[in-house]
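Report on the structure given below.
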2 protein chains.
Amino acid sequence: MFKSILVAVDGSEGSKKAVEYGAQLQQMSEGELLLLTVFRHHSLLEASMSMVRPSDPQTLDDAMRDHAKEVVNEAKGWAREAGATNFRAFVKGGQPARTIVKFGAEHGADLIIVGSRGIGDLEGFLLGSVSHKVTSLARCPVLVV
Amino acid sequence: MFKSILVAVDGSEGSKKAVEYGAQLQQMSEGELLLLTVFRHHSLLEASMSMVRPSDPQTLDDAMRDHAKEVVNEAKGWAREAGATNFRAFVKGGQPARTIVKFGAEHGADLIIVGSRGIGDLEGFLLGSVSHKVTSLARCPVLVV
């Protein structure tokens, strides 16, 4: 029933569960699993941590991207272990919820899976969690695990 | 993968979609589909519509319950049309999100499905939607359609 399942991962325990549900649904549907990790660009990170002003913003962006690549590679391992047969991994920079929803729309995802609590728990407490924002913005069903 | 799927229905277009997804997942999983409509007790309704003070609260509760029965019976029709093979319908009084989550826990639901926008849209706008509250409170995965 779901032909293109997007799982957003941030390395948290919740996102491991998200990948496992995604892998099961992918096998049942014989669809495709897309794993996405979103990293914040320097300007966004700086806005949310106003005391940070590194001398070389580019280096920080690169470090964030490298970390995101590690996170999504770990998720590929989880997907493989959970028996997913058709999956690809992506890394994008931007505001998490908006980037997840936009990526899903661009790739024709008919289901987005997110953990109920991710790494950004404090921010979620203050501003509303990424999972809430994704369910509000997405045009397709969203599974919160 | 989901052995007991709880679908919350309130008669909105979103809850029809929720029943259809529930019916498909029920067939794939060969599990059980539970359809639940929650009606507000008079005291809660009165609290949310402070000008209402009917002469006979009991009559109002009965009317709300009767309406909820009609809503859930309509949902049974949707489930049947969508090919669900194993489903039951329930009506409960109480605060919507808490009642949905409590009912799910009591019945061992391993998935709750809700529409992203239900009948109580205005309240959702002011206080946070039922779907957001359910995803926050539930101990099992929640599919928002």
* Mind grabbing the interface size between A and B? I mean buried accessible area, both sides, 1.4 Å probe, in Å² to the nearest hundred. => 1600
* **Phi-based couplings in Hz for the stretch A:75-92 (Karplus 6.51, -1.76, 1.60; Gly and Pro marked x)** => 5, 4, x, 4, 4, 4, 4, 7, x, 4, 10, 8, 8, 9, 10, 9, 10, 9
* Asked: Given label points at 7 Å from Cα along Cα→Cβ, what nm distances, shortest first, separate B:M28 from the same residue in every other copy?
  -> 0.5
* Name the long-range amide H neighbours of A:R40: under 5 Å, sequence gap of 5 or more, or other chain; modelled H, no Pro or chain starts. => A:G94
* Which residues' amide hydrogens lie under 5 Å from the amide hydrogen of A:F90, considering only partners 5 or more residues apart or on another chain, with H built in the peptide plane? -> A:L35, A:L36, A:T37
* Structure fact -> Shortest first and in nm, the label-point separations between B:H41 and its counterparts in the other identical copies (7 Å out along Cα→Cβ) come to 5.3
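Enter the mean number of other protein chain beta carbons within 10 Å of the beta carbon of each residue in B:136-145, as an integer. Intermediate values should be presented prior to the final figure.
On the way: counts 6, 0, 2, 1, 2, 8, 7, 8, 12, 6.
Rounded to a whole number, the mean comes out at 5.
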* Structure fact -> Amide H contacts under 5 Å for B:C140, restricted to residues at least 5 apart in sequence or on another chain and with H modeled in the peptide plane, are none
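The values are calculated or read from the model by the stated rules, or taken from the named source; none is laboratory data. All figures in this text were calculated on a predicted structure; none of them were measured in a lab. Cβ atoms come from the backbone with ideal geometry, glycine included; neighbour counts cover every protein chain shown. Remember, those area values only see protein heavy atoms, side chains included, never the ligands or the DNA or RNA. Shrake-Rupley method; radii C 1.70, N 1.55, O 1.52, S 1.80 Å.
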